Structures are given as C-alpha cells and as structure tokens.
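Structure first, then comments.
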Protein chains: 2
Amino acid sequence: MQTIIGVDLGGTRIRAARFDEQLNLLARTETYTRSEEGIAPTLARIMAQIETVWPGGADEVAGVGVSAPGPVDPAAGVVVAPPNLYGWHNVPLQRYVQERFDRPAALQNDANCAVLAETQQGAAVGYHHVVYITVSTGIGGGIISHGKLITGARGLGGEVGHTILVPDTGMHGSVEQLAAGPAIAREAGRRLKAGADSMIRDLVDGDLSRLSAKVVGQAAAQGDALAQELIAHAGRMVGVLIANLMHVLNPEIFVVGGGVSNAGDFLFEPMRKTVREFTIDTSYWRGVPIVPAQLGEDVGLIGAAALILTGTG
Amino acid sequence: MQTIIGVDLGGTRIRAARFDEQLNLLARTETYTRSEEGIAPTLARIMAQIETVWPGGADEVAGVGVSAPGPVDPAAGVVVAPPNLYGWHNVPLQRYVQERFDRPAALQNDANCAVLAETQQGAAVGYHHVVYITVSTGIGGGIISHGKLITGARGLGGEVGHTILVPDTGMHGSVEQLAAGPAIAREAGRRLKAGADSMIRDLVDGDLSRLSAKVVGQAAAQGDALAQELIAHAGRMVGVLIANLMHVLNPEIFVVGGGVSNAGDFLFEPMRKTVREFTIDTSYWRGVPIVPAQLGEDVGLIGAAALILTGTG
C-alpha cells in the first residue's frame, strides 16, 4: 500500500502521522518541540517522530509533507524565521527530511496546510475556491483558487491579517491589530479599567493581567454584554476583511478557525452581517457559506499529508 | 497560418483585430458602439467588425476572444449587466460569437483581459504573478497568480477597487470611492469652493462643473501644489491597496493603468512610499516593481486574443 507521512511542526508540539491515500489516519505520535534546546536536537526529534510512524513491511511512503510556522519559503523548502521556533533562521527542512528518508518532501506554512486540510476533509470538502482565515494570537490565512493553493511568487501570500482597515494609524490599523485575540483582551482591559460592569472581571479574579480572548469568549457565552460587544466588534472587522477578499478572489466558501472562532455565533453573526453591508452586489455573498473550521488539532497533520496527495509544494 | 481574432467591446467603441500566434497585429478595425440603439444592432456591429478582420485564403482562425465591460460571467460566457452598455442584461455573447463563426470563443471582463495583455506584451512580460490595477472612473483589477488568471468561482474576482480602507463610512470607504478620478475631482471642487489658490481654477475657466482628474493631473504637471497634493493622496490610498494585495497574493509586479495613472510620478511616488510603510516585511516589496501600464488603446484587443492564446476563459 502507498502511504503518506504528515508532520506538524509547531512552537509547542511536533506531531507526525501516517495516512493512506484517502488521508485516513493509520498511525500518530507527538512530542514537545522544546526549540530552546537548539536546532539540532529539535531536528532530531522531528526525524524520530517520522520514524515512529514509518510503515513496516511492504508499505511504501509516497512522500513526507511538513507543516511549519510561517514565514516559510515553500519553493526553497526553507523555514525562514518563525517567532516561535527559537533560533530557527533559513533552515532547509525539506532537504533534510528528503535526504534523511530518501523520499520526496514538501513544506508549507501552517495556514496553507490548514486550507488544504479543510478542503480535503473538513468544512470545505468539494469546493474549489476556498479562503481559510485563522483568528488567534494573530490573523492568518490560506487561499485555494481554481483548485490550487495560491501562495504567490515567494510563498508569502495568504497573509490576510495584515490587510489595512484604518490607514490613519499605519500598521496598527491592520485587521490583525484590531481583531485578533490580543486586541480583544486589550480592549477588555481598557474597558474594565474605565470601570465597566462585566463578569469578565470575576473570571480573572480581578487580575487584569490574566485577561485573554478566551476569557472574553467564556463571558460572552454566559451572557455578558461587554464581552459580547467586544467579540462582535472583532467579528465586524473580520467581516470587512471577508468582504474585501470576496471582491478580490470571489471564493465559494470561507472557513474561519483559530481560538477566537470558538466564540461561535457571537463572532460569526456580526461577521456575516458586515459582509452583506460591504459588498457591491449580492452575488458576492449569496450562497457563500462563512463557517467554522471543522478539523481540530490534527489539521496540520492532515494538511501536511495533503501537500503530498495534491502534489503541492 | 493559424490566426486569432480579438474583440474589444467598450461603452463607446467596438474594436476587432486579427493577430498571428505571436500576437502580432495583422488587421484592425473599429466603430462606435451606440448601445442606445438596442442590443440587436449592437450585436450586428460586433459581428460585422469580426467579419472585417476575418482572414481570407487558407488562414485559419483558432478562436475569437472578447473583452467586455464587467460584470461578466466567463464560465457561462455571459455579459451580465454593464452600466455602460444600455439594456444589456445576461447577454450570452460567447455563444452568439461561437455559433455565428463556428469557432471557439472566450469572454472576459476588460480588466482581466488587460492583465493578460500586459503580461503577454506589455509591462509584465516574463512575470508569473502579476496584479494589474486600473485607476480611472472606477478602480478595477486583474490578477495572474502562478501563471493563471484568477477570477474566482463565478468570475467576479479581481475587483480590488471595492477594498474597504475606512470601514466607518461603509462602502464610501472603499479605495475606489476615495481615490478614483471622481474622488479627485470632487475633492478639488471642495477645496476650490473653500477658496484654495490653484491654477486648476484657471484650467476650467472658473467653471467647477468641468473639474476632472485629468485637469487636476495637468495642473500637477505644471507645478500646482494643490493638484499635486490631491494626486498624492490618491496615490497613498492606492498604495495601501497594493500593500494589502502584497500580503494576500505576494505578486512579482504591479502594473497600474487607467486615466489617473497618466499623472505619473505624482501618483506613483506616494504609492511606492506608502507600500513600504504598510508591509510587515521588506520581502513583500523589495524587487517588486510598481510600474505604469505600457499598452495603449489596443490593450483590450491584445488581451482578448490572449484569452485564446493562453486557453483562458
């Protein structure tokens, strides 16, 4: 049987898995990344994880796909300089994997792997024009158009979070600066310091240094008005981003993942409403679902394997 | 010899031309559109123009490409409802041309044809990741990524002008509303009414109803400070759009056309400066030219023929 190996290199964990050609999971392993110990030990852990899921017997490995934190140069197969991998700078990970296992390898950043994964097995199965947006500590994205991953000339595309919504404030006016998790937490802090009445204060036991988008999401789910307002504001900002991308890329579906998306309809409803306000014609949004991501923590593994399956990267 | 026919259907003129397979012009004709006379006479004029450039003798026509004002549905081959073609609504122009001449036909909107044309014969020859932006009465665009025209699921993509830069004002905050020709003329009028000292006033003989971006551009070229300021503002807004598109699409080159682009460096220099301010990393803009379009009034004809040559549409 032909099998595919997927590797998800993250700031916290390294995961590896073996899949069949329908991307069914056959074996899976994970360990901590501990990049602070240096590049060589981290690389050794990556290789060991791959070995752990390598097939025995007559099964063949078609290739090894790797999802890594951006920025990644997929054409060169290089991990450029991710802020959450200590000391990594222009590491030719694709070549290392290829030479170590003598099989084809492919490398892409995590958001690009995520859009492939959601299209293969998640919320966007059957679609050919997909935009994936992750709203988390930052805002990132992946784009599939006409069935192909769109990464641009140097693989730096899909960075939808840096879209400017308020030019007067420079890069502070990007949707990431206005709507990602830290912005939600920061605004909650500002409002609480100004004396706002909200259960968010109780959820952090009055310690504003513990504020996070997650806590705000929890308060929203329990009916807290301020929390719902903060999430709705983020939803509207992401909604403007989605409207922009509808005009530029005219996709069939938007998939929104990342921690902040766990706020559910408190985020998604303002998002969907804003999209209708900011598009020039109903044809851009009518029949275009804006849905939560479906894949959980295995999204990177599935996407990495999909790089090999789809011949991407 | 194999030849290709290109047709440029515009609100004012219908042009048709015959090209060889290197897109060299072999024959060319044009007439007025006069769409107010009705769809049937206009269609008859289109067919007559094609006949005029049809090859005699043994030459064969590989296909007929048509550039039309958007919105266009390229998959269905339908001109949807362009504001400058009177009464046109869901006209299946591709099928009409195909049936009349018994050759393959293709249809795309003018901005998508323009990016193909500039890539084949103009400012972006040799590039595979190209964004074309036209700054005129509106702001439109065309995208080539990984060598292919990106039009999205229903051919509605590339409409970069509707990118929102100032969400507080709804659709009035789009880059088109802030930076296209009418915005430049409107702001000139506002400043002149407020008593600004500028030669723009003399160029329109004091008649503010004659204000246009073209007049403002002329004044800028003659050293008028207000005119240069207005053009620079438009340049900065388009620069923010370009920065956004760099993050999303990571192209190799931007080509800027349309009437407003005739203002030259008064527009392009603020544009290029703004791009550097609004990108997260130099790798997005370094070595990425932002250049004027090179093709003149034949851009639509060349792009239409390129639809056939490249198998697009």
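Of note:
- Charge-dipole axis of the stretch B:38-111 as Lys and Arg at +1 and Asp and Glu at -1 on Cβ define it, positive-most pick from B:Ala40, B:Ile50, B:Val64: B:Ala40
- Label-point separation in nm, A:Asp20 to A:Asp265, each point 7 Å along Cα→Cβ: 3.9
- When A:Tyr284, B:Tyr86 are sorted by how many other C-beta atoms sit within 10 angstrom of their C-beta, beginning with the fewest, the order is B:Tyr86, A:Tyr284.
- FRET efficiency, B:Asp205 to B:Ala225 (Cβ-Cβ, R0 30 Å, nearest 0.05): 0.90
- Sequence-distant residues sharing a close amide H with A:Arg13 (under 5 Å, placed H): A:Thr33
- Top positive-direction residue, dipole computed over chain B with Cβ charges, set B:Gly296, B:Val131, B:Leu165: B:Leu165
- Peptide-level mean, for A:272-283, of C-beta atoms on other protein chains within 10 Å: 3
- Straight-distance crosslink candidates among aspartates and glutamates, where the alpha carbon sits under 16 Å from B:Lys214 and sequence neighbours closer than 8 are dropped: B:Glu187, B:Asp202, B:Asp205, B:Asp224, B:Glu229, B:Asp265
- Expected 222 nm ellipticity per residue - DSSP helices of 4 or more, -39500 (n - 2.57), all of chain A, to 500: -11500 deg cm²/dmol
- The stretch A:289-296 - phi-based ³J(HN,Hα) in whole Hz, Karplus 6.51/-1.76/1.60, Gly and Pro as x: x, 10, 10, x, 4, 9, 8, x
- Rounded to the nearest whole Hz, the Karplus-based 3J(HN,Hα) values (6.51 cos²θ - 1.76 cosθ + 1.60, θ = phi - 60°) of the stretch B:159-170 follow the sequence 7, 5, x, 8, 4, 7, 10, 10, x, 4, 10, x, with x at glycine and proline.
- HN-Hα J in Hz across the stretch A:134-148 - Karplus 6.51, -1.76, 1.60, θ = phi - 60°, x for Gly and Pro: 9, 10, 8, 4, x, 10, x, x, x, 10, 10, 10, 6, x, 10
- Three-way shape call for the protein assembly as shown based on the alpha-carbon gyration tensor, with the a/c threshold at 1.5: oblate
- Normalised by the number of residues in the stretch A:130-292, the mean separation of alpha-carbon contacts (under 8 Å, six or more apart) gives a relative contact order of 24 percent.
- Inter-probe distance in nm under a simple model that places probes 7 Å from Cα toward Cβ, at B:His89 and B:Glu60: 4.2
- Under a 5 Å amide H cut-off, with hydrogens placed 1.01 Å from N, A:Val256 pairs with A:Ile133, A:Val291, A:Ala293 among residues at least 5 apart or on other chains.
- With the charge dipole of the stretch A:218-278 set up from +1 on Lys and Arg Cβ and -1 on Asp and Glu Cβ about the Cα centre, the Cα lying farthest toward the positive end among the listed residues A:Ser261, A:Leu249, A:Ala232 is that of A:Leu249.
- Computed from label points 7 Å out along Cα-Cβ, the spacing between A:Met1 and B:Thr169 is 6.1 nm.
FYI, it's all coordinate maths here, none of it is from the lab. Source: prediction; values computed, not measured. Every residue, glycine among them, receives a Cβ derived from its backbone with ideal geometry; neighbour counts consider all protein chains shown.
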